[in-house]
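> Pasting a structure below so you can have a look.
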Amino acid sequence: MSFHVPDGLVPAGRDLRAYTDELRPEHAIVRNDRDEWVLLSHNLVRRAALDATTFSSTASRFRQVPNGLDGDEHTGFRDALDPLLSTEALARHVPVFERVAAELVAQLPTGAAVDAVGEIGAVFAVRAQSAWLGWPASVENRLLAWIGENYAATRSGDLARTRQVANDFDEIIRTVLAGRSPDASPDADVTDQLLAVTIDGAPLAHDDVVSVLRNWTGGDLGSIALCTGVLVHGLATASALQDRLRSGVSDAELDAICDELLRRDSPFIGNRRVTTCPVDLDGVQIPAGAKVKLHWTSANRDEDVFGDPDVLDAAGNAPHNLVYGIGKHACPGRTLATIELRTLVRALLAGTSTLVLDDDASPVREVAPVGGWASVPVVLG
């Protein structure tokens, strides 16, 4: 049955991985102080994610293209946009990502502490995404500053502050769109290709283009930075795993290991849904119009599915891993994120002989509403 989180146990400011680990063994669903029904078990999260009819993704006050849409509209946008994010389309960008990663690692200090989140992950994300999109290097500092401002605004819970941060990002996007023309040719940069996308013969509305680019960059920049923190922490605390990866593994095996490290400590906390009709979830009656949160981090640590959630088992856990979601609204950027993270991990391992946590500064956990690590000080050797 559901459990209403009592006063003093609200999630704001808490490490959500540890918090949901406390709740999940006894409560598959909790109802928080924001009147959200939070699904914590793997079974219920998976069930809701696969039922796009009962659990609507149109849960934001703002239009979010494509995954904040439902039905035929969502399908139309995904069919039009997903080819830009396919393995085939991304193949020509891999050498660019490799160059960006190698140059960044070569610039990192050795023998001194460096933060894997802010000084490695965030910088790589901005440079790689800008190169992929065809954006000028001049926006890099604005994007890096925006990541920090966005984190602070999100934690504050101040709607006026988060609205201003969103407006700031929209202004960055409008700057890079100025003077561009649609170009669907294979040699065009991704932003011009996006401008050339049509649905039912009509070009995308300007606000929809801005929404897509906001999701491709605004969301992904912070996510890649947080993922980097999780991956680097996992490697820095497992010398045998480092040795195994340095000895040479296939892309597929490395991707599986990265996915498993992210499964164990998923920085993708959750997605929101709204029920379109009353629904019974294992005896819990949820009314129509209810706000529901699919808690990916909790689902990916469900003891009933993974046993000890901290034990790495890339092959065994892969079929149940929900890091990038599942169903029609699974993350459209999964392939891009996988390639970028694989590239960065390879560059870090190739450019170092050792990778350890700093003895003088401890890693700091992120807190609600995001997950993973806020900082991971490491020393490269």
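The values are calculated or read from the model by the stated rules, or taken from the named source; none is laboratory data. The shown structure was predicted, so the numbers you read here are calculated from the model rather than taken from an experiment. Here the Cβ is made from the backbone with ideal geometry for all residues, glycine too, and neighbour counts use every protein chain on show. What goes into the accessible areas is simple: the full protein's heavy atoms, side chains included, and nothing from ligands, DNA or RNA. Shrake-Rupley method; radii C 1.70, N 1.55, O 1.52, S 1.80 Å.
For (1) within 25 Å of PRO369 (Cα to Cα); (2) not small (Gly, Ala, Ser), each residue gets a yes or a no:
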| position | (1), (2) |
| --- | --- |
| GLY289 | yes, no |
| ASP310 | yes, yes |
| ALA315 | no, no |
| HIS320 | yes, yes |
| HIS329 | yes, yes |
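> Okay, moving on. Could you look through segment 342-381, keep only residues that are of a type in the set (S, T, N, Q) and farther than 18 Å from GLY118 by Cα, and pick out the one that is surrounded by the fewest Cβ atoms within 10 Å (Cβ to Cβ)? Steps first, answer last, please.
So the first thing to find is which residues in segment 342-381 are of a type in the set (S, T, N, Q), and the list is 343, 352-354, 362, 375.
This time we only want the ones that are farther than 18 Å from GLY118 by Cα, so: 352-354.
On the way: THR352: 19, SER353: 10, THR354: 12.
By that ranking, first place goes to SER353.
> Further, regarding this structure: Among all residue pairs at least 6 apart or on different chains, which show Cβ distances below 6 Å where the first residue, located in segment 144-159, is β-branched (Val, Ile, Thr) and the second is open to solvent by less than 40 Å² (accessible area, probe 1.4 Å)?
Going by the 6 Å Cβ cut-off, the qualifying pairs are ILE147/ALA122; ILE147/LEU221; ILE147/GLY222.
> Here is a check on your reading of the model: is VAL139 open to solvent by less than 70 Å² (accessible area, probe 1.4 Å), in contact with a strand residue (DSSP E or B) (Cβ under 8 Å, 6 or more places away or on another chain) and touching a residue at least 24 places away in the same chain (Cβ under 8 Å)?
Taking the combined requirement at face value, the residue does not satisfy it.
> Which one of these does PRO109 not meet: (1) open to solvent by less than 10 Å² (accessible area, probe 1.4 Å); (2) out of contact with any Lys or Arg (no Cβ under 6 Å at 6 or more places or on another chain)?
It fails just one condition, (1).
> Given the conditions (1) under 30 Å from ILE199 (Cβ atoms); (2) open to solvent by 20 Å² or more (accessible area, probe 1.4 Å); (3) in a helix (DSSP H, G or I); (4) in contact (Cβ under 8 Å) with a residue 40 or more places away in the chain, and given that PHE97 satisfies all but one, which numbered condition is not satisfied?
(2)
> Which ones in segment 307-358 are touching a strand residue (DSSP E or B) at 6+ places or on another chain (Cβ under 8 Å) and not aliphatic (A, V, I, L, M)? Quick ask: steps written out before the conclusion?
Within segment 307-358, the subset touching a strand residue (DSSP E or B) at 6+ places or on another chain (Cβ under 8 Å) is 325, 329, 348-349, 351-352, 354-358.
Result: GLY325, HIS329, GLY351, THR352, THR354, ASP358.
> When segment 240-275 is examined, which residues are found to be of a type in the set (A, V, I, L, M) and either in contact with a strand residue (DSSP E or B) (Cβ under 9 Å, 6 or more places away or on another chain) or assigned to a loop (DSSP other than H, G, I, E, B) (or both)?
Correct list: VAL249, ILE269, VAL274.
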